[in-house]
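The values are calculated or read from the model by the stated rules, or taken from the named source; none is laboratory data. Everything quoted here is computed from the prediction, not taken from an experiment. Methodologically, a virtual Cβ is constructed for each residue, glycine included, from the backbone with ideal geometry; neighbour enumeration extends over all protein chains shown. What goes into the accessible areas is simple: the full protein's heavy atoms, side chains included, and nothing from ligands, DNA or RNA. Shrake-Rupley method; radii C 1.70, N 1.55, O 1.52, S 1.80 Å.
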Amino acid sequence: MASTAREIFVTGLRNAHAMETQSRELMERQSERLTDYPEVQARMRTHLQETEGQLNRLDQCLSSLGESASTIKDTAQSFMGNMMAMAHAVANDEILKNTFANNAWENFEIAAYKSLLTLCGPAGADGARTLLEQSLKEEEAMAAWVDQNVAKVTLAYLNKQQRAAA
């Protein structure tokens, strides 16, 4: 059981690393299937690159504390990301389900980074603050983009379905 601020912080960093690993797998699978939605695909690919940077920053944070990511957590979350993507892939309205899920997921990531930032001081890890703030800003930007594009994606899906029915 984690009892010190440092232990809780390290656990949080490992959890965030696993979270970003899951996110990477999910976005890789989703972006492969977004050819009918090129704007969403482009933003997803940009965020996928940001996610790679976030994983690197989390590795830096862990390394600075003499720690490393949890292979078990990363593997489990990678598997979950692929399963989540596959679950939506069979749906006719996959783009809508992914948009809703991505909206929730980005906000989950935001909360995780805010929690880590709160722990920086008590854990004696103020050196991680700038790295975590950068990741938080990227997640906030992606969450805002998803939120601002729900209507656009919904209408694009509607138009695609109407063309197919005609």
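A few comments on the model shown:
- A probe of 1.4 angstrom, applied to the heavy atoms of all protein chains, finds residue 97 with accessible area near 80 square angstrom.
- Summing charges over neighbours of residue 7, with a neighbour being any other residue whose Cβ is under 13 Å away from its Cβ, gives +1 when K and R count +1 and D and E count -1.
- For the stretch 46-61, Karplus couplings with θ = phi - 60° (6.51, -1.76, 1.60), whole Hz, Gly/Pro x: 5, 5, 4, 5, 4, 4, 4, x, 5, 4, 5, 5, 5, 4, 5, 4
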